[in-house]
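Working notes for the structure below.
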Amino acid sequence: MFVRAPKGTKDILPDQSYVWQYIENNIHELTRLYGYKEIRTPIFEHTELFERGVGDTTDIVQKEMYTFLDKGGRSITLKPEGTAGVVRAFIEHSLYAQSQPTKLYYLTPVFRYEAPQSGRLRQHHQFGVEVFGAKKASIDAEIIGLAMALFDRLGINDLAINISSIGCPECRPDYQKALKKYLADRYNKLCTTCKERYERNPLRILDCKEESCQKLLKGVPVILDYLCEECNNHFEVLRQYLAIMGLDYKVNPMIVRGLDYYTKTVFEIIAEGDNFKGTVCGGGRYDGLVEECGGPATSGVGFGMGLDRLIMIMEEQKVDIPDNTKLDVYFATIGEEAKLKAMELITLLRNNHIAADMDHVGRSLKSQFKYSDKLDVPWVCIIGDNELKENIVKLRDMVTGEEIDVSLDNLVTVLAKKID
């Protein structure tokens, strides 16, 4: 019986992988300009890390995690998001003892058990940044700017920045009291999940997607009216930095984000295209998370961006993505002696950073040319008995059909110039 890929997962095939490489290469280049270093954490962690770090009132922990017991009876969870594992590594390896800030980024698969949807599979892929040890609002603005710079590099348009502040442990309790008071008369009309949230974490009700709950939230108190002086000042400075950077934004006090660890700044970058509308990047500040996970009190801020959704938007907007994985030259050979010589030349070209290949399945010369067309190769080197005697190859331009004779001694130089 043939076994298919599990529901909610997909293979990234060779005709698609170059798109992922293009995006990832842009991420590596851009993060270097901003002074971020890559971190790679395990695919799975102890379940407790996510219960403490993500929050046991979140949908992720309550409904969506892939959790299992390993052979030692330990509860293990496939990472449902990137931040908690990075925080654990920051503490475990005492990165807090180094000069701060610590600026990190990662590319990782994440796993959530939920109904597969457009741009969000059970295994999807995330680009994220995390900055530790920087308290100033300037770094909040920087990561928003970094995300927008990536979208600009990739040619993605029709995006809107939404920002808000979610307060801190000092001022948030006052807002939660006001929120509960507002919802008290509407409690019986809340969905079952929000009735549970009402006692444990009423702020999460603002993030409910049920239409009935959304209607109840019209006229709800706004958290920005309850910020303490420190949180309010932080938010105003963030707005000043965004203005200096030339970034347009909208203040949206209904932003909650799906995780419990946020404090102060929260933001979302929303796609506003014709066929896709939704969040493509979200994040904010989490000044208490490192301490909550067992480390010293350390400020933190970051974002997560789904690459699957990013690619979907690029396809919708018909962004031109160069395929840098194609061969530069293909060798069409006639006879065994020519094949041996072709392998020698291919090895030489590859050693000089020229992508080259030849027939390995015994095709006729005509079929070799048909195959080179499928590969979309710009140049074909033809070698037979006559070429071997004259110590040349015939170099054919596959666009114009023009052929020239090239000495084997000059082949590397000639091809290097033509593919430059």
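The values are calculated or read from the model by the stated rules, or taken from the named source; none is laboratory data. Remember, it's a predicted structure, so these values are computed and weren't measured experimentally. FYI the Cβ positions are ideal-geometry reconstructions off the backbone, even for glycines, and counts take in every protein chain you see. Only protein heavy atoms, including side chains, enter the accessible area calculation; ligands, DNA and RNA are left aside. Shrake-Rupley method; radii C 1.70, N 1.55, O 1.52, S 1.80 Å.
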Q: Of all residues in segment 274-315, count the ones that are open to solvent by 10 Å² or more (accessible area, probe 1.4 Å) and part of a strand (DSSP E or B).
A: 5
Q. Condition test on Y96, is it surrounded by fewer than 18 Cβ atoms within 10 Å (Cβ to Cβ), at pLDDT 95 or above, among the aromatic types (F, W, Y) and farther than 30 Å from E316 by Cα?
A. yes
Q. Which of (1) open to solvent by 30 Å² or more (accessible area, probe 1.4 Å); (2) of a type in the set (A, V, I, L, M); (3) more than 14 Å from T9 (Cβ to Cβ) is the odd one out, the single condition A141 does not satisfy?
A. (1)
Q) Out of the residues in segment 236-285 that are among the polar types (S, T, N, Q) and farther than 22 Å from I156 by Cβ, which is nearest to the chain's Cα centre (by Cα)? A) T265
Q.
Going through N157, N233, N188 one at a time, which residue ends up being surrounded by fewer than 16 Cβ atoms within 10 Å (Cβ to Cβ), in a helix (DSSP H, G or I) and under 33 Å from the mean Cα position of the chain (by Cα)?
A. N233
**Q.** Subset of segment 160-176 that is assigned to a loop (DSSP other than H, G, I, E, B) and open to solvent by 40 Å² or more (accessible area, probe 1.4 Å) - its residue that is farthest from H28 (Cα to Cα)
**A.** E170
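For the structure I just gave you, tell me whether L179 is surrounded by 15 or more Cβ atoms within 10 Å (Cβ to Cβ) and over 30 Å from E292 (Cα atoms). Even if it seems obvious, please write down each step before you answer.
Numbers: surrounded by 15 or more Cβ atoms within 10 Å (Cβ to Cβ): yes; over 30 Å from E292 (Cα atoms): no.
So L179 does not fit the description; no.
From the list A84, A5, exactly one residue is small (G, A, S) and within 16 Å of V129 (Cβ to Cβ). Which is it? Before the answer, list the steps.
Details: A5 fails: within 16 Å of V129 (Cβ to Cβ).
From the options A84, A5, the qualifying one is A84.
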Q: For segment 319-343, enumerate the residues that are of a type in the set (S, T, Y) and at pLDDT 95 or above.
A: Y330, T333
Q.
Cβ-Cβ distance below 6 Å, separation of 6 or more or different chains: which pairs start in segment 172-192 with a residue that is hydroxyl-bearing (S, T, Y) and end on one that is in a helix (DSSP H, G or I)?
A. Y175/I223; Y175/Y226
Q) Within segment 236-257, restricting attention to residues that are buried (at least 17 other Cβ atoms within 10 Å of the Cβ) and modelled with pLDDT under 95, which residue is farthest from L217 (Cα to Cα)? A) R257
Q) Within the set of pairs 6 or more residues apart or between chains, which connect a residue that is part of a helix (DSSP H, G or I) inside segment 360-377 to a residue that is surrounded by 14 or more Cβ atoms within 10 Å (Cβ to Cβ) and polar (S, T, N, Q) with Cβ atoms less than 9 Å apart? A) L365/T333; Q368/T333
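Would you call L146 over 24 Å from K250 (Cβ atoms), hydrophobic (A, V, I, L, M, F, W, C) and in contact with a helix residue (DSSP H, G or I) (Cβ under 7 Å, 6 or more places away or on another chain)?
Working: over 24 Å from K250 (Cβ atoms): no; hydrophobic (A, V, I, L, M, F, W, C): yes; in contact with a helix residue (DSSP H, G or I) (Cβ under 7 Å, 6 or more places away or on another chain): yes.
No, not satisfied.
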Q: Mind listing whichever residues of segment 386-410 are closer than 19 Å to K326 by Cβ and surrounded by 10 or more Cβ atoms within 10 Å (Cβ to Cβ)?
A: L395, R396, D397, M398
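State yes or no: is Y198 more than 30 Å from the chain's Cα centre (by Cα) and open to solvent by 40 Å² or more (accessible area, probe 1.4 Å)? Can you show your working first?
Details: more than 30 Å from the chain's Cα centre (by Cα): yes; open to solvent by 40 Å² or more (accessible area, probe 1.4 Å): no.
Considered against the rule, which asks whether it is more than 30 Å from the chain's Cα centre (by Cα) and open to solvent by 40 Å² or more (accessible area, probe 1.4 Å), Y198 comes out as no.
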Q.
Going residue by residue through segment 202-209, is there one that turns out to be in contact with a Ser or Thr (Cβ under 9 Å, 6 or more places away or on another chain) and open to solvent by 30 Å² or more (accessible area, probe 1.4 Å)?
A. no
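Answer yes or no as to whether E268 is assigned to a helix (DSSP H, G or I), in contact (Cβ under 8 Å) with a residue 24 or more places away in the chain and either among the charged types (D, E, K, R) or open to solvent by less than 10 Å² (accessible area, probe 1.4 Å) (or both). If you could, list the steps in order and put the result at the bottom.
On the way: assigned to a helix (DSSP H, G or I): no; in contact (Cβ under 8 Å) with a residue 24 or more places away in the chain: yes; either among the charged types (D, E, K, R) or open to solvent by less than 10 Å² (accessible area, probe 1.4 Å) (or both): yes.
It is false that E268 is assigned to a helix (DSSP H, G or I), in contact (Cβ under 8 Å) with a residue 24 or more places away in the chain and either among the charged types (D, E, K, R) or open to solvent by less than 10 Å² (accessible area, probe 1.4 Å) (or both).
Looking at T108, T47, T67, which is the one that is among the hydroxyl-bearing types (S, T, Y), more than 30 Å from V319 (Cβ to Cβ) and open to solvent by less than 30 Å² (accessible area, probe 1.4 Å)?
Details: T108 fails: more than 30 Å from V319 (Cβ to Cβ); T67 fails: open to solvent by less than 30 Å² (accessible area, probe 1.4 Å).
One residue alone meets the criteria, T47.
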Q) When you scan segment 21-40, how many residues do you find that are closer than 14 Å to F151 by Cα and open to solvent by less than 30 Å² (accessible area, probe 1.4 Å)? A) 5
Q: Test F331 against the criterion of being out of contact with any helix residue (DSSP H, G or I) (no Cβ under 8 Å at 6 or more places or on another chain) and open to solvent by less than 60 Å² (accessible area, probe 1.4 Å), and give yes or no.
A: no
